[in-house]
Amino acid sequence: QVQLVESGGGLVQPGESLRLSCEASGSIFSIYAMGWYRQVPGKQRELVAVITSGGITNYADSVKGRFTISRDNAKNKVYLHMGSLKLEDTDVYYCNADADGMNYWGKGTLVTVSS
């Protein structure tokens, strides 16, 4: 079992930056990849960014060049630095861990971009 706790969401204005953090606990040795997804109520959860234990990253086209995912294996944390935020980035952001072929999710943190 893997437990994930997100933090760092909040209200920002367009063009500003925000950093999300996710701390993993439990069977962390089994984690292969960690990532961030987002979901607006009524819509499907979509991938934002993912990073493997080896540091390979992948991003949604909509955030490439603006968001950066990083991982601190020593602290069991993954971060999402979000820059040049847009109104359409408003969403609940969920941390995800892929461990032993199973997906684990955090409870989510709300990011609101508003002028």
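The values are calculated or read from the model by the stated rules, or taken from the named source; none is laboratory data. Note that this is a predicted model, so its numbers are computed, not measured. Glycine gets a Cβ as well: all are built from the backbone with ideal geometry, and neighbour counts include every protein chain shown. Just so you know, the surface numbers come from the protein's heavy atoms only, side chains and all, with ligands and any DNA or RNA stripped out. Shrake-Rupley method; radii C 1.70, N 1.55, O 1.52, S 1.80 Å.
With K and R counted +1 and D and E -1, the other residues having a Cβ less than 13 Å from that of GLY83 yield a net charge of +2. Taking a sphere under 13 Å around the Cβ of ASP72 and counting the other residues whose Cβ falls inside, with K and R at +1 and D and E at -1, yields a net charge of +3.
Per residue, how big is the convex hull around the C-alpha atoms of segment 1-56? Give it to me in cubic angstrom, could you?
122 Å³
For the chain, the relative contact order comes to 37 percent (Cα pairs under 8 Å, sequence separation of at least 6).
State the number of lysine pairs found in the chain whose Cα atoms come within less than 19 Å, restricting to pairs 8 or more positions apart or on distinct chains. Don't skip to the end; give the middle numbers.
Details: LYS43/LYS86; LYS43/LYS107; LYS64/LYS86; LYS77/LYS107.
Step by step, the pairs that qualify in the chain add up to 4.
Once all protein chains are placed together, ILE31 keeps about 20 Å² accessible to a 1.4 angstrom probe. Here is the size of segment 1-108 from its Cα atoms: Rg then Dmax, 13.1, 39 Å. In this simple spin-label model, placing a label point 7 Å from the Cα along the Cα-to-Cβ direction at both SER25 and LYS64 gives a separation of 3.8 nm.
In whole percent, how big is the carbon plus sulfur part of the accessible area of the chain, probe 1.4 Å, protein atoms only? With neighbouring chains kept in place, the figure for the chain is 49 percent.
A 1.4 Å probe run over the protein chains yields, for segment 26-109, 54 Å² of accessible area per residue, whole-number rounding. Sparse packing (at most 13 other Cβ atoms within 10 Å of the Cβ) combined with a DSSP loop state is found for the following trypsin sites (Lys or Arg not before Pro) in segment 61-113: LYS64, LYS75, LYS86, LYS107.
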